[in-house]
Amino acid sequence: MRSARLRRTRRASAVTLVSAMTLTALAACGTSSSSDDGGTSQPTGSSDASAPLDPKTKVTITIDCMPPAAKAAELKEWKEDVAEFNKTYPNVTIEGRSTPGQCLEPPRFTAMLKAKSQPDVFYTYFTDLPQVLSEDGAEDISAYVNDKTVPLLKDIDPNVLGSLKQDGKLYGLPTSNYTMGLLVNRKLFEDAGLDPDSPP
């Protein structure tokens, strides 16, 4: 129970952005895959970026923020999630990256973007989209996001989803969100001669 809560906390202030590398692989556009006989990698799939990936194509993607071994419970959940994913997509190999210290460390994240060394899938603050796009660090995933690929898509707050869009293109999916508000002490407002029903 505690580890699940910790995982939700870790994801609470982050969104998932998919880098250009991942989308190229998912679109099978000039990407390479290993042949079953261990031969040389060859480009596979269609040259159309919107075409679905051949289910038999072998793809490897890297994902940031894998829990370190010291966080055994969280790492166990991570592995369970990967195993569940691989039941549907056995052709996709997921390589988790565990980062010492805080996963969502802004200076480290900026350095990764500048060096073009970010993983294929990474977490970032929703306010980071302009920085990510200015470094050409993410690809438009609009063609891959629908009610079938994201069953609860309609349940996502449109404003939250909108924060991950630019020029009508979607560059990421939220893992969670929070809402900020202002609480008014009615008595103090009234004592100050203000109307608590019409706060500033």
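The values are calculated or read from the model by the stated rules, or taken from the named source; none is laboratory data. All values derive from a computational prediction rather than experimental measurement. Note that each Cβ is placed from the backbone with ideal geometry, even for glycine, and that neighbours are counted across all protein chains shown.
Within segment 149-200, which residues are touching a helix residue (DSSP H, G or I) at 6+ places or on another chain (Cβ under 9 Å) and not in a loop (DSSP other than H, G, I, E, B)? Matches in segment 149-200: Leu153, Val160, Leu161, Lys165, Gln166, Lys169, Leu170, Gly172, Leu173, Pro174.
Surrounded by 13 or more Cβ atoms within 10 Å (Cβ to Cβ) and of a type outside the set (Ser, Thr, Tyr): which single residue out of Asn146, Asn185, Asn159, Asn177 fits that description?
Just one listed residue meets the conditions, Asn177.
All conditions but one from (1) loosely packed, with under 14 Cβ neighbours inside 10 Å; (2) modelled with pLDDT under 90; (3) within 20 Å of Ser176 (Cα to Cα) apply to Phe109; the one that does not is (1).
When the residues of segment 57-76 are filtered to those that are surrounded by fewer than 16 Cβ atoms within 10 Å (Cβ to Cβ) and of a type outside the set (Lys, Arg), the one that is nearest to the chain's Cα centre (by Cα) is Thr60.
Can you name every residue in segment 167-176 that is touching a Phe, Trp or Tyr at 6+ places or on another chain (Cβ under 8 Å) and polar (S, T, N, Q)?
Within segment 167-176, just Thr175 meets the criteria.
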